[in-house]
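Remarks on the structure that follows.
The values are calculated or read from the model by the stated rules, or taken from the named source; none is laboratory data. Computed from a predicted structure; not experimentally measured. Because the Cβ atoms are built from the backbone with ideal geometry, glycine has one as well, and the counts that use them run over all protein chains shown. Heads up: the accessible areas ignore ligands, DNA and RNA and are worked out on the full protein's heavy atoms, side chains in. Shrake-Rupley method; radii C 1.70, N 1.55, O 1.52, S 1.80 Å.
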Amino acid sequence: MTGVVSEAGPDSTLGLKPGDRIATLVSLSLTPLVITDELTSWDGMSEQVPCAGHAILFGRSIAAVLPDDLPVPLSLAVMDVCGAPALTYRVVSQAGLANPKGPVVAILGAAGKSGSLSAVAARQAGASLVIGVVPHEREAAALRQARGADGRTGLADEIVIADATNPVGVSGAVEAAGGPADVTVVCVDVPGCEGGAILSTAQGGTVIFFSMATSFTAAALGAEGVAADVTMLVGNGYTPGHAQLAIDLIRTNPGVRQIFDSRTTGE
């Protein structure tokens, strides 16, 4: 939800001031909202719904000021998935403490919004190898064309085409590309990716699930069934500093910006 701050309480810890144009980074189901125009400005054709009204943010709400240098649709697309790169950065950084050469990171769904940001975050956090897993050649081509901040290095070092719902297929593809991964990040929003992510991850490694389609029963029982000693994390969408990190990544990495622009403009 976007809007303009009309008033900030004297004890507010959100760092907002009247006049700031902001986006809330939590579900509308957690935000008291009063709509006063009966949605008369909405044509029913877009995912973003214009309306008049007011909302109340609590002391532990999450909101970010919209940057002036980026289009609002782009900023909202980035903030929608900003939890993924922030947690990826933290986990990969921690994995690097135990592996001075840098951990191997596999991103399932690397050509998507959360996947591309996570790939860049993994590289910045010290990954020695970033493996991008995509479902078909069109996304592989988009990932090959995308370049990082230096204009030369790709978002992924290795790109493999594999069905993330095929455990044997995806794990074999990741291993052939330099895996198994020390950290596997699941950004594929389809059911059935648990087994492939677990099998793609080295013993003692970490799997981060950023898909709401994940079955945590399948993940827990699947890891047990294949004797996988892996830590499995639920990406809950919030990590301190997540919005600023994601916005900085989109500003400084033309390849990620290219992927987001193509998705927000429909090209």
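Condition first: under 19 Å from residue 242 (Cα atoms) and in a helix (DSSP H, G or I). Can you find one or more residues in region 50-72 that meet it? Yes - at least one qualifying residue is present in region 50-72. Taking region 217-239 on its own, how many of its residues are at pLDDT 90 or above and open to solvent by 40 Å² or more (accessible area, probe 1.4 Å)? Residues flagged as at pLDDT 90 or above and open to solvent by 40 Å² or more (accessible area, probe 1.4 Å) within region 217-239 amount to 13. Spot the failing condition for residue 24; the list is (1) within 23 Å of residue 187 (Cα to Cα); (2) open to solvent by less than 40 Å² (accessible area, probe 1.4 Å); (3) touching a residue at least 40 places away in the same chain (Cβ under 8 Å), and only one is missed. Here residue 24 meets the rest and fails (3).
Residue pairs whose Cβ atoms lie under 8 Å apart, separated by 6 or more positions or on different chains, with the first residue in region 133-149 and touching a residue at least 24 places away in the same chain (Cβ under 8 Å) and buried (at least 20 other Cβ atoms within 10 Å of the Cβ) and the second in a helix (DSSP H, G or I) and of a type in the set (Gly, Ala, Ser), are 133/173; 134/140; 142/262; 143/116; 146/116; 146/255; 148/255. A count restricted to region 36-63 and to residues that are touching a His at 6+ places or on another chain (Cβ under 9 Å) and either without any contact (Cβ under 8 Å) to a residue 24 or more places away in the chain or under 24 Å from residue 261 (Cα atoms) (or both) stands at 1. Exactly one residue out of 116, 46 is among the polar types (S, T, N, Q) and open to solvent by 20 Å² or more (accessible area, probe 1.4 Å): that is 46. Given the criteria more than 21 Å from residue 198 (Cα to Cα) and open to solvent by less than 10 Å² (accessible area, probe 1.4 Å), does residue 76 qualify? Judged against the criteria, residue 76 is not a match.
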